[in-house]
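Coordinate-derived values only; no laboratory data. In this text, all values refer to a predicted model and were calculated from it rather than measured experimentally. Here the Cβ is made from the backbone with ideal geometry for all residues, glycine too, and neighbour counts use every protein chain on show.
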Amino acid sequence: MSDNGELIGARILGKSIISIALSSFKPILLIMLLGLLACEFIIPNLSQLAEENRLFKKEGENSTTRYWIQGDKRFVSFISVPEKDKVRGLSVYELNTESKVTKIIYSKEAILNSDELEVVDPTVTVIDRQSKTKIYDFNNLKIPGLNSDFSFLLSPKYLSLSDLYKQIDSSSSSYRKNLLSLEFWRKIFQPFVTLSLVLLALGFLFGPMRDQKSGQRIVIAIGIAFSVDLIQKLLGSISIVSNIPSVVAVLIPILLITFLAILFLKKIY
């Protein structure tokens, strides 16, 4: 619009910079609202399902990357969690009083019902007899620590805002809690990141860079975006392993972008 003169035409017709900015904000606000709702209800489940299915198809049932849970005289492992209440490639290692494996239970799939795993068509291998038999009346597995799903095992980026908030309070690991807190505030403040970037774009269009060619503005914008992304990742990593609050680590890049945008916009008048 700047290169083709539409912005100049709008100014000639009496449109102020503020009115032009507000016009550009309206669709962006709608997109930000939809994005925030998607972060809560749509994106986490779809992302988790897509990633787990990709890894399962890539590595198959012989995957060495597994989830592990320690239960009462047993270890439970599974390859993937395509849904919060469903696992694939389940293996259960039963232990005796001497902590030796006496039985291995395998199933391609298991479904979580409350705090019990409903094992589908399990295969049991008894170590003492070196025999393998199929049974269909296997009792459901009780796993300590499970409430209604496996969300406590998932990466924070696959969790909704409500799940993140719940796990921050219930997590016993400080490292896990910092990870959850960082992801929570990132998702909460994502709309403000977008708003600050729009302000910066307006500063580019109407500020001291308005006479520069579009190619130069694009290169400078890419450089600023790369720097901000680097600062976000750096501050996020620091907040995870230090006492810096996650909300501060997320806010600093937003404030930096907004400060640059205000500097550019102030030079218009």
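Figures for the structure shown
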| item | result |
| --- | --- |
| Proxy reagent accessibility, fewest Cβ within 10 Å first, across Tyr175, Tyr165 | Tyr175, Tyr165 |
| Peptides 189-198, 91-100, 176-185 ordered by average Cβ neighbours within 10 Å, highest first | 176-185, 189-198, 91-100 |
| Fully extended contour minus Cα-Cα distance, from Leu255 to Ser237, at 0.36 nm per residue | 4.6 nm |
| Members of Lys58/Lys86; Lys84/Lys187; Lys57/Lys103; Lys73/Lys108; Lys58/Lys177; Lys58/Lys157 lying beyond 25 Å, as alpha-carbon distances in this model show | Lys57/Lys103; Lys58/Lys177 |
| Label-point separation, Val120 to Ile43 (7 Å along Cα→Cβ), nm | 3.0 nm |
| Amide H contacts under 5 Å for Ile127, placed H, 5+ residues apart | Lys103, Ile104 |
